[in-house]
Amino acid sequence: MDIRGLLLCGGSATRFGGPKLLAAIPGEESAGPLAARAARRLREGAGNALAIVPVGAGELRSALENAGCEVVESDRTARGMGASLAAAVAATDRADGWIVALGDMPLVGSATIRAVRDALEDGALIAAPVLARTGVRGHPVGFAAALRSELLALDADVGARAILERHRDAVHLIRTDDAGIAVDLDTPGQLEALRPHYHNARKRR
């Protein structure tokens, strides 16, 4: 099946106060910016990755392409996440399904993404990971081709939440201990808070 990994990288990052997706996790600068890390994880898990970015985002485009990600520029990103997702689906409209990931969530494990792909290949209409310990649903979310028209109709900053709600009984939940499915990075403080985590992880190696 042709399952496409879509990486949404069109946010304005107003809460971050700068080009968030080009920032790096403190102490892990060699791994590159957030968007590149997210792109690599998506490519590893889904087998491919296509990012939707604002028109003229040259530095971001370069970072994503260096991470092995296809890139589509769209002025629709200025209207919000829903419009970005619709543009990404339109660019891959012959796919059998999509795995929708976010550029500011680089800690999702590739195995989790692969599990979402597997669920779509097994016939799930929608697939999403959920933390086994807390029941919190996270990203990425997979959508089958049957939802193409609903995804293409998205606009503004609504995202796919309404689609998930309409089809909540059809959502295939994947239980996981991957805490990264619920970690999105919106502020410099959230990014800085990861420093002790990685410092301690290196010490344990």
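Within region 11-31, not a single residue is in contact with a helix residue (DSSP H, G or I) (Cβ under 7 Å, 6 or more places away or on another chain), modelled with pLDDT of 95 or more and part of a helix (DSSP H, G or I).
Annotation note: Cβ proximity below 9 Å between a residue of region 24-49 that is free of Cβ contacts under 8 Å to residues at least 24 places away in the same chain and surrounded by fewer than 16 Cβ atoms within 10 Å (Cβ to Cβ) and a residue that is in a loop (DSSP other than H, G, I, E, B) and not basic (Lys, Arg) (sequence gap 6+ or interchain) occurs for Ser30/Ala24; Ala31/Ala24; Ala31/Ile25; Ala31/Pro106. Being under 15 Å from Leu6 (Cα atoms), surrounded by fewer than 20 Cβ atoms within 10 Å (Cβ to Cβ) and not acidic (Asp, Glu) holds for only one residue in Arg168, Arg195, Arg114, and it is Arg114.
Close contacts from region 163-180, counting a first residue that is within 21 Å of Arg133 (Cβ to Cβ) and a second that is of a type in the set (Lys, Arg) and assigned to a strand (DSSP E or B), with Cβ to Cβ under 9 Å and a gap of 6+ residues or different chains, come to Val171/Arg137; Leu173/Arg137. Within region 180-193, the set of residues being at pLDDT 80 or above and among the aliphatic types (A, V, I, L, M) comprises Ile181, Ala182, Val183, Leu185, Ala193. Given (1) closer than 28 Å to Pro33 by Cβ; (2) surrounded by 14 or more Cβ atoms within 10 Å (Cβ to Cβ); (3) of a type outside the set (Val, Ile, Thr), where does Arg161 come up short, assuming only one miss? If we test Arg161 against (1) closer than 28 Å to Pro33 by Cβ; (2) surrounded by 14 or more Cβ atoms within 10 Å (Cβ to Cβ); (3) of a type outside the set (Val, Ile, Thr), just (2) comes out false. If only residues of region 154-179 that are among the aliphatic types (A, V, I, L, M) and within 30 Å of Pro19 (Cβ to Cβ) are counted, the one that is modelled with the lowest pLDDT is Val158. With respect to the conditions (1) within 22 Å of Arg43 (Cα to Cα); (2) in a loop (DSSP other than H, G, I, E, B), Thr112 lacks only one, and its number is (2).
Residue-level check: of (1) at pLDDT 95 or above; (2) more than 21 Å from Gly180 (Cα to Cα); (3) buried (at least 19 other Cβ atoms within 10 Å of the Cβ), Ala57 misses just (1).
Counting only residues that are among the charged types (D, E, K, R) and outside any helix (DSSP H, G or I), which one in region 126-150 is farthest from Val183 (Cα to Cα)? Spell out the reasoning first.
Quick first cut of region 126-150, residues among the charged types (D, E, K, R) only: 133, 137, 148, 150.
Then drop every residue that is not outside any helix (DSSP H, G or I), which leaves 133, 137.
Numbers: Arg133: 15, Arg137: 11 Å.
Taking the candidates together, the pick is Arg133.
The values are calculated or read from the model by the stated rules, or taken from the named source; none is laboratory data. This structure is a prediction, so every number in the text was calculated from the model and none was measured. With ideal geometry, Cβ positions are generated from the backbone for all residues, glycine too; neighbour counts draw on all protein chains shown.
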